[in-house]
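The values are calculated or read from the model by the stated rules, or taken from the named source; none is laboratory data. Keep in mind it's a predicted model, so treat the numbers as computed, not measured. Every residue, glycine as well, gets a Cβ built from its backbone with ideal geometry; the counts of neighbours run over all protein chains shown. Heads up: the accessible areas ignore ligands, DNA and RNA and are worked out on the full protein's heavy atoms, side chains in. Shrake-Rupley method; radii C 1.70, N 1.55, O 1.52, S 1.80 Å.
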Amino acid sequence: MTKDTEPAPLEPAFPDAPVWFAALRDRICAAFEKLEDDLTGTNADQPAARFTRKTWEREGGGGGGTMAVMKGRVFEKVGVNVSTVWGEFSEKFRAEIPGAAEDGRFWAAGISLVAHMHSPLVPAVHMNTRHIATPGKTWFGGGADLNPPIPDQADTDEFHAALQACCERHACADHRKFKEWADDYFYIKHRERARGVGGIFYDYIPADDAGMAFTRDVGETFLTIYPELVARHMDRPWDADQRKAQLAYRGLYAEFNLVYDRGTRFGLMTGGNPEAVLMSLPPLAEWP
């Protein structure tokens, strides 16, 4: 195909969505850096960390993104990445994406966050929201789920309650469906166990004002509830046995992300930066 005959790039329903994702990234980074500053427990003798940012461009053109990564005294490794990419899916991959079977063009923007904590008493977490367009379908997707190495029922209840309240504020959202979807999606089949304690997972929300409002609220809800859970536990003492349990749990987390995670597959199949795509992997893990 010559340059003159290349198909025109897709226009998303909400071209300003990347601006929102970047603004949310900035606020999350600021909240996490404040937690680094506020630590008084284990590792408090170490300096508080700050995020470092690195931009990347999609190989061959078609957008790129920015990685924001921090390795600190509260957050052993946390990444808050944003990207906006466009182009064409491969012939093999387009059949897996709604609306792309006949025409493989796509546009995708989103924010993706994974936090692995120093303290085994502080839950790890994942959150992402995205806006995707293909010639036949345009939608919002995303979700958030809590991944504690040592579960705490109060944390679990409050996390789920916050997400339920978020869903109940929006007619386009169905908390029961999204919670069940998360329970099913974040299940490690070969281990016959859940990755964590769940949350919500949603996809194919119509790309209209209601869908955008819900997607924004998911980000706002996460920004409210998760720092509260971190602050609750980050100063508590922990021991070597609890750390060992955390590292074993991280092995399960890594297995899920490498074997089942759709976001990992989407990023690698669309020419994303492997370093950014695999940001979700824990810094240290153990296997039996």
Worksheet, complete the sentence: One finds the C-alpha centres of the stretch 6-45 and the stretch 200-245 to be spaced, in Å, by 13 Å
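If each residue of separation counts as 0.36 nm, what is the full-extension length gain between ALA30 and ALA101 once their alpha-carbon separation is subtracted? Walk me through the numbers on the way to the answer.
Values: separation 71, 0.36 × 71 = 25.56 nm, distance 4.10 nm.
Using 0.36 nm per residue and subtracting the Cα-Cα distance, I get 21.5 nm.
As a test of the formula, what do you get for the chain when each DSSP H run with n ≥ 4 contributes -39,500 (n - 2.57) and the sum is divided by the residue count, at 222 nm and rounded to the nearest 500 deg cm²/dmol?
Numbers: 8 runs with 110 residues, N = 288.
Using -39500 (n - 2.57) per qualifying helix, the result is -12500 deg cm²/dmol.
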Discussion item. At 7 Å along Cα-to-Cβ for each site, give me the label-to-label distance between THR55 and THR40 in nm.
Written reply: 4.1 nm
Worksheet item: Residue by residue through the stretch 57-62, which ³J(HN,Hα) values in whole Hz follow from phi under the Karplus form 6.51 cos²θ - 1.76 cosθ + 1.60 (θ = phi - 60°), with glycine and proline marked x?
Response: 10, 5, 4, x, x, x
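Per residue, how much accessible area does the chain show when a 1.4 Å probe rolls over the protein heavy atoms, in square angstrom?
Details: 13120 Å² over 288 residues.
That works out to 46 Å² for each residue.
Once the other residues with Cβ under 13 Å from the Cβ of ASP217 are scored (Lys, Arg +1; Asp, Glu -1), what is the net sum?
Numbers: positive: ARG169, ARG216; negative: GLU168, ASP209, GLU220.
The answer is -1.
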Worksheet item: Between GLY198 and residues 5 or more places away or on another chain, which pairs have amide H atoms under 5 Å apart, with H built 1.01 Å from N, and which residues are they?
Response: LEU146
Item to complete: Run through all the Cα pairs of the stretch 133-288 and give the fraction in each 5 Å bin from 0, expressed as whole percent.
Response: 2, 8, 15, 18, 20, 18, 11, 5, 2, 1, 0
Worksheet, complete the sentence: Taking a crude spin-label model, label points 7 Å out from Cα along the C-beta direction, the GLU275 to GLU168 distance in nm is 4.5 nm
Item to complete: Subtracting the Cα-Cα distance from 0.36 nm times the residue separation, let me have the gained length for ALA248 to LYS137 in nm, one decimal.
Response: 35.9 nm
Worksheet item: Which percent of the accessible area of the chain is formed by carbon and sulfur heavy atoms (probe 1.4 angstrom)?
Response: 52 percent
Practice prompt. Enumerate the residues in the stretch 193-231 having an amide nitrogen under 19 Å from the point lying 7 Å beyond the Cα of ARG176 toward its Cβ.
Written response: 199-203
Response to the item:
For ASP239 and ALA23, extending 7 Å from Cα along the Cα-Cβ vector and measuring point to point gives, in nm, a value of 4.8 nm
